[in-house]
Every structure is written in C-alpha cells, then in structure tokens.
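To start, the structure under review is shown below, and the notes come after it.
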Amino acid sequence: MADQKEQTVCVKFCFLLGKTAAETVGMLRQAFNDDALGKSQVYEWFSRFKSGNMSTEDMPRPGRPSTGRNDENIAKIKRAIDEDRRKTIDQLSEETNISWSTVQRILTEGLHMRRVSAKFVPRLLGDDQRENRVNVCRDLKTLTVRQFLKSNNMVIVPHPPYSPDLAPSDFFLFPRMKRSLKGKRFRDVDEVKENTLKALNSIQPQEFQHCFEQWQKRWDKCINAHGQYFEGD
C-alpha cells in the first residue's frame, strides 16, 4: 500500500513535468489502483504548487481532527470498513473526517489489514482461517464440471470468510462490470439498474469460462500457500 508522502512526491514530479492535474489523477490510479490519492487531493496539491509553495509536507485541513492514531479514530475506521470493505482510503477519509495518511496507518498498523481483490481483509489470518481456506479449496477441487452442471441445476459451493481472492464475484464479475460503468453518471436508480443489466449481459460466455478456469487455479494457489492470501492469477 503506497504511502501518502510517496504519492505526493509523485504529484510534484508530474507537476514539474507539465502534466495536468487530471492527467496526474489518471497516472496515480494506474500506478496505485484503489490506494491512489483522490481527485480533490491531487487538485489541492496542484493549486498549492501553482501558488509557489513546493513543499510536500501534509497540508493542514480546516475542521480536521488531530491525525493521532487513537482508539476513537481506530473504532471509526473499523465501523466504516465493516459496513463496506470495498471503500477506498479516500472514501474512508472523507466519511470519517480523518486525514488520508492517518486512515492508511490505522488500516495497516492499527487494524492489520491489506487489500485483496479490492477489499480490505485481515493482513494475518489465524490458523483456523487458513485451514478453512485450504479445506474449502480442496472440497471445490473434487467438484467436476459435470457435477456442477448436472441437470442444469446450480450447485451451492462453500466459501471461506475473508477470502475475496477466492470469490469469482470479487476477482472477476464486479471488476469486469466496473469497466463498463466507471466514469458514467446516471439520473436515477432505474437508469443504474438498466445500465448494470446491460453491463452484465455484455459479458461473453468465454469470459465466464476463463473465470472458472482461473478459479480452479486459485484453489491450487491457496492450498500451496497453506491458506495464506496470494496475489492475482
């Protein structure tokens, strides 16, 4: 997970190269994914650099509480993450009114969490959790495609908790649909539903087949890693 200071230096580098704030936002997202600085933060830094202040020290924000990693702030972040583990650091910062860098430290040092398949999960899994992940993957490997599709009925398969890296919806479906919906604005909920359905219907059968094949490979990776998290395909 990239440190805010590191990203701020990247913003300054882009500024000195003559990049626009919008271009810099795109480059940060490409490099740091969901951990990238938010658009508003990048534009604030550009405004500061344009004024002649080239320091990359964190900017004081009116109305912000102290940046201490105290019990109250840790509890706020934990509640927010428990509500939705897909929230980005930028979203958590805006929602809890806690600085970006403090949110990052709370997640990594206070709550011992990391991102897996775009979700925050415990950085260290307990022995029981690792064993459960391995057992589930072994159980899944015993299911054949014929069993899965028998009589055209869906088979309910087990899924270990805190395991977005083993959930097809997390490592394939949601990111795939997000590509079609990202950057668009919708008038109302009905339009959101309509476009979501279009995005779902646009996924080709071979993409689902590829997902299933990758899913099987992920079972092996989990077993070989003795239940620990692993990265990508």
(request) Mind listing whichever residues of region 1-38 are of a type in the set (D, E, K, R), outside any loop (DSSP other than H, G, I, E, B), over 14 Å from Ile89 (Cα atoms) and free of Cβ contacts under 8 Å to residues at least 12 places away in the same chain? (result) Glu6, Glu23
(request) Inspect region 206-214 for any residue being of a type in the set (Phe, Trp, Tyr), surrounded by 12 or more Cβ atoms within 10 Å (Cβ to Cβ) and in contact with a Leu (Cβ under 7 Å, 6 or more places away or on another chain) and give the result as yes or no. (result) no
(message) Here are the criteria: (1) modelled with pLDDT under 75; (2) among the aliphatic types (A, V, I, L, M); (3) over 15 Å from the mean Cα position of the chain (by Cα). Tell me which single one Ile106 does not satisfy.
(response) (1)
(message) Which count do you get for residues in region 11-47 that are over 26 Å from the mean Cα position of the chain (by Cα) and crowded, with 18+ Cβ neighbours inside 10 Å?
(response) 1
(message) Residue under question is Asp220, and the condition is that it be free of Cβ contacts under 8 Å to residues at least 40 places away in the same chain and not assigned by the TED database to the domain that holds Gln129; does it hold?
(response) no
(message) Being under 28 Å from Gln30 (Cβ atoms), modelled with pLDDT of 80 or more, touching a His at 6+ places or on another chain (Cβ under 9 Å) and of a type in the set (Phe, Trp, Tyr) is the requirement here; does Phe172 meet it?
(response) yes
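Looking at Asp190, Asp220, Asp170, can you tell me which residue is among the acidic types (Asp, Glu), open to solvent by less than 40 Å² (accessible area, probe 1.4 Å) and not in a loop (DSSP other than H, G, I, E, B)?
Numbers: Asp190 fails: open to solvent by less than 40 Å² (accessible area, probe 1.4 Å); Asp220 fails: open to solvent by less than 40 Å² (accessible area, probe 1.4 Å).
Exactly one residue qualifies, and that residue is Asp170.
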(request) Would you point out the residue of region 76-101, among those that are out of contact with any Lys or Arg (no Cβ under 8 Å at 6 or more places or on another chain) and of a type in the set (S, T, N, Q), that is surrounded by the fewest Cβ atoms within 10 Å (Cβ to Cβ)? (result) Gln91
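The values are calculated or read from the model by the stated rules, or taken from the named source; none is laboratory data. From a predicted model like this one, the values you see are computed outputs, not experimental measurements. Every residue, glycine among them, receives a Cβ derived from its backbone with ideal geometry; neighbour counts consider all protein chains shown. These area figures cover heavy atoms from the full protein model, side chains too; ligands, DNA and RNA do not enter into them. Shrake-Rupley method; radii C 1.70, N 1.55, O 1.52, S 1.80 Å.
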